[in-house]
1. Treating the angle as unsigned and between 0 and 90°, give the value, to the nearest 10°, between the Cα long axis of helix 303-315 and the longest Cα principal axis of the chain.
2. Using the count of nearby Cβ atoms within 10 Å as a rough guide to exposure, how do 36, 49, 68 rank from fewest to most?
3. Output the peptides 86-96, 194-204 sorted from most to least packed, where packing is the average of other Cβ atoms within 10 Å over each peptide's residues.
4. How much FRET efficiency would the formula 1/(1 + (r/R0)^6) give for residue 26 and residue 339, where r is the Cβ-Cβ distance and R0 is 22 Å, rounded to 0.05?
5. In nm, to one decimal, how far is the residue 113 label point from the residue 208 one, both placed 7 Å along Cα→Cβ?
6. Ranked from highest to lowest mean number of other Cβ atoms within 10 Å per residue, what is the order of the peptides 285-297, 168-180?
7. Rank the residues 42, 276, 216, 324 as a footprinting-exposure proxy: fewest other Cβ atoms within 10 Å of their Cβ go first.
8. Roughly what angle does helix 170-180 make with the longest principal axis of the chain, taking Cα atoms, 0 to 90 degrees, to the nearest 10?
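Rule-based calculations on the coordinates, nothing more; no lab input. Bear in mind the structure is a predicted one, so any value in this text is a computation, not a measurement. Note that we place each Cβ from the backbone using ideal geometry, even for glycine, and neighbour counts take in every protein chain shown.
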């Protein structure tokens, strides 16, 4: 081999025949450790794809929903994880916009068809043929991952790996949820649940001069909200000192919809950020929804959302509060997420 010749993708795959991954095959309660540490074949990048040496992968409540069976698996076994931060290690045929050594992020939306009516209207988040990282295809709870080059994002150098990971779903989907709540600069916005997404969006809202009201039960989350400048912190059953102009519900609890509508002004919007939610109780139309109040769900996010949010996050700059776990401790991390024991966002340390 001549000195300086780059190894081909095939040669690189031979050099690293298998990698460690946390694999989900049979969903069950997080306390029963549904993820299994396995050696799996090194993924091979196809046409237009890149292979990423994963450094960190953020935890998301969607991972928990899949692990426990609330979200039916579309691939089994599957490697979860869709907030991937790593370095491009190999390029498939036709991949040209990125280079080996680039630091990139991969988010929840893995690919879309690019042809349907939704994609043509800029609503690729609603594409019927969309595939999702860690659900339809293997994700980032592994030492290597593969993704389409066109769905990978160069990450601002502002953020170290662990701090960047939560931006890719908690941040991006949280940002879309905040934007679709129609919150305007200087208004009052309520955040229900204060985990990875909410602690990021609080900072974006304050950047716009908004007053942020946080509704959460856990004292450690209340303390973090106060430290980050929340104007008011309390429980969902409490009545804040002023009516809300908008609200975003991050916790997957349907009854919170009634709590938010109860303290929402006329014409205000409540957006629902979670991929699944417990049943919403019957809504008293005259008392809670009338006067042009809006209730809307939020599904996924577009690449434009991701690029816009990453630019905004670097400009603010957003500070992510993270707790790290080793890859092999992913079950313990999901248990901590389930029981609200993580202050801010949880991140798996996959490689140094």
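1. Between the helix axis and the principal axis of the chain, the angle is about 80 degrees.
2. 36, 68, 49
3. Sorting 86-96, 194-204 by mean packing, highest first, produces 194-204, 86-96.
4. 0.55
5. 3.2 nm
6. Result, highest mean first: 168-180, 285-297.
7. Fewest-to-most ranking of 42, 276, 216, 324: 276, 324, 42, 216.
8. The two axes meet at around 40 degrees.
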